[in-house]
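Notes follow once the structure below has been shown.
The values are calculated or read from the model by the stated rules, or taken from the named source; none is laboratory data. Here the structure is a predicted model, which is why all the values come from computation and not from measurement. Cβ coordinates were reconstructed from backbone atoms using ideal geometry, including for glycine residues, and neighbour counts include every protein chain displayed. In case anyone asks, the SASA skips ligands and DNA or RNA and just uses the protein heavy atoms, side chains included. Shrake-Rupley method; radii C 1.70, N 1.55, O 1.52, S 1.80 Å.
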Amino acid sequence: MPIELMKVVHVVECFSGGTINFINLATKLIPDCQHIVVHGERPDEICPQKVKATFEQEVSFIKWTSVQREISVWKDFKALISLYNILKGIKADVIHLHSSKAGFLGRVVCKALGIKPVIYTPHGAAFLRKDIPAGKVRLFKLLEKIGANISGTVICCSESECRAFTDASIQASFINNGIAVGNRHIEFRKSPDSSLTIVNCGRVTVQKNPLLFNEIARAFEGNAGLRFIWVGEGELQHELESSNIEVTGWLPKQEVLALLRQADLYLSTSLWEGLPFAALEAMSLGKPMLLKDCVGNVDLVQDNYNGFLFSEADEAVQKIKLLQANREMLNEMGAKSIQLCIDRFNIQDTFQRYKEQYSKVSQLNVQ
C-alpha cells in the first residue's frame, strides 16, 4: 500500500520574483510532500506558463481569481470568497501562506474553515514599505496584528524581518532564506587598471530604489574604469538614465549566473526586503556586497567583512572608490560572502527546518 504524502498547499498572490522562487525551492527540497500552489496573476508580471515550467511536474497549480496587491474592499471580498471555495475543496495537512495579501486573506479563510495547521511567511511585510504614507503603514501593522490573532504561525525569512514583527508586538520566529553553495570557485579579480563591473538584479520598482542606484552610477560618469548593470526591468526603468548603466531586461537563469560570475561587486539600493534571493545568489558566487541599510539587507552584510552597508549615495560612492583602489579587498570579501552562505544561509538547513515546521503544525489537525 503506497505511503500517503503530506499535502502542503502554498497560497501566494504574486506569481513571480523572490517569493515564487522560494516556493519553487520548497517543492524541490521537501520532496516527500504533495505540493499544490494556489496563485494569483498580475497582468504586468512574467507569463504564468513560463513560471510553471520551472517547477517539477508533480506540482499542481490552481489560479486564485480577483486577488491583487493593493487594498480594494470589493476585489478583496471576491478574492476571499474565491480562496474559500478553493481551500474548502482541498484536504490539506498544511497551509503555507506567502506574502501580506495571502497572509491576511488566507488566515481569515482558514479560520472560517476550521483549518489549524497554518504557516505565514511575509517575504517583506507590507508595513515595511517606504513608498506609502504613515497612515497606511499603521493600517498594515493593524492588519498583521489582526491576522496573527486569527490563526497561524508567523515565520519570517530573516532575523531583521522577525525583529520588525516583534517590535510591532506580533509574535514571530524566523528561518533564513537559503542558497545552494556547493563547490564555488572565486576567480581572482582583474588587474588594478582594468574596469570594475557592478551589478544589481531585480524588478525596477520603488522597492528597489532605482533613483538611488542612478545617483551612485552618475557619480562615475566618464570614468571608464566602472560599469553598472541592472538585470531586470519594470515600470521605473526610465529612472536608470545615467550613461554608464546598462539595463539588460530579464535574462535566462544561466545568463544571469554567468553575468554575476564576471561581476566584481553586488550593489543593492532597496528600501526594504525580506531576505533577497538575488543578493544571496551573488554572495554564493563570491561577490562582495554593497547594500542599502534596510530590513533584509542588514542580515547579509557584516560591515567591513564581506562588504559594506550604506544609507546615502555619497557613502556608497566612497566605498566603491575604496574597492577600486584596493582590488585585493574584493577577493577577500568575496570569499567571506561564501563563508557566510555556508554558515548562515545554507539551503539544505532552510528547508529541513521548514519540513520540521510542516510536521509540527500538521499535528494540530489531530488535536
> When the Karplus curve 6.51 cos²θ - 1.76 cosθ + 1.60 is applied with θ = phi - 60°, which whole-Hz ³J(HN,Hα) does each residue of the range 329-339 get, with x for Gly and Pro?
Replying inline: 5, 4, 5, 5, 5, x, 5, 6, 4, 4, 5
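Taking Cα pairs under 8 Å and at least six residues apart, what relative contact order does the chain come out at, in percent? Intermediate values should be presented prior to the final figure.
Working: 687 pairs, mean separation 57.1, N = 367.
Here the relative contact order equals 16 percent.
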> From the backbone phi of the range 201-206, what are the Karplus-calculated ³J(HN,Hα) couplings (6.51 cos²θ - 1.76 cosθ + 1.60, θ = phi - 60°) in whole Hz, Gly and Pro given as x?
Replying inline: 10, x, 5, 8, 10, 4
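How much of the accessible area of the chain, probe 1.4 Å, is carbon plus sulfur, in whole percent? Kindly include the intermediate steps, with their values, before the conclusion.
Values: 8590 of 16620 Å².
On the chain, the fraction of accessible area on carbon and sulfur atoms equals 52 percent.
Heavy-atom accessible area per residue, the range 174-323, 1.4 Å probe: how many Å²?
I get 41 Å² per residue for the range 174-323.
Determine, for each peptide in 309-321, 275-287, the mean count of other beta carbons within 10 angstrom over its residues, then list the peptides with the highest first. Spell out each step's value before the answer.
Details: 309-321: 17.7, 275-287: 25.2.
The peptides rank, most packed first, as 275-287, 309-321.
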>> To the nearest 20 Debye, how big is the dipole of the chain about its Cα centre, given +1 on the beta carbon of each Lys and Arg and -1 on that of each Asp and Glu?
In response: 1140 debye
> Computed FRET efficiency, Cβ-Cβ of Ile150 and Glu233, R0 41 Å: what is it to the nearest 0.05?
Replying inline: 0.65
> If pairing requires two Cys Cβ atoms under 4.7 Å apart, which cysteines of the chain are left without a partner?
Replying inline: Cys14, Cys33, Cys47, Cys110, Cys157, Cys201, Cys294, Cys341
>> With unit charges on the beta carbons (Lys and Arg positive, Asp and Glu negative) and the dipole taken about the Cα centre of the chain, which residue among Ile132, Ala325, Gln34 sits farthest to the positive side?
In response: Gln34
> Cα atoms only, the range 218-319: Rg and Dmax in Å?
Replying inline: 13.4, 35
>> Along the charge dipole of the chain, pointing to its positive end and built from +1/-1 on Cβ of Lys, Arg, Asp and Glu, which listed residue (Ser158, Leu260, Ala112) has its Cα farthest out?
In response: Ala112
>> How large is the accessible surface of Arg353 in square angstrom, using a 1.4 angstrom probe and rounding to the nearest 10?
In response: 90 Å²
> Points 7 angstrom from Cα along the Cβ direction at Lys130 and Leu364: gap in nanometres?
Replying inline: 3.4 nm
> What residues qualify as long-range amide H neighbours of Cys201, i.e. H under 5 Å apart, gap of 5 or more or another chain, H built at 1.01 Å from N?
Replying inline: Val231
> Relative to the present Cα-Cα distance, how much length would full extension add between Val73 and Ala258 at 0.36 nm per residue of separation?
Replying inline: 62.1 nm
> Using 7 Å Cα-to-Cβ label points, what is the Asp32/Asn85 separation (nm, one decimal)?
Replying inline: 3.7 nm
> Using just the C-alpha positions of the chain as equal point scatterers, what log10 of I(q)/I(0) does the Debye formula give at each q in 0.15 1/Å?
Replying inline: -1.33
> Order of 51-64, 80-93, 294-307 by packing, highest average Cβ count within 10 Å first?
Replying inline: 294-307, 80-93, 51-64
>> Assuming 0.36 nm per residue, please report the length gained on full extension of the stretch Arg163 to Ala53 beyond their Cα-Cα distance.
In response: 36.0 nm
> Can you list the residues, at least 5 places off or on another chain, whose amide H is less than 5 Å from the amide H of Cys156, using H built in the peptide plane?
Replying inline: Ser173, Phe174, Ile175
>> For Lys52, give me every one of the lysines with a C-alpha distance below 22 angstrom, ignoring sequence neighbours fewer than eight places off in its own chain.
In response: Lys7, Lys28, Lys63, Lys101, Lys253
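I'd like to check one number: the per residue accessible area of the range 7-90, probe 1.4 Å, reported in Å² as a whole number.
For the range 7-90, the solvent-accessible area averages 49 Å² per residue.
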> Out of residues 5 or more away from Lys7 or on other chains, whose amide H comes under 5 Å of its own, with H placed 1.01 Å from N in the peptide plane?
Replying inline: Gln34, Asp93, Val94
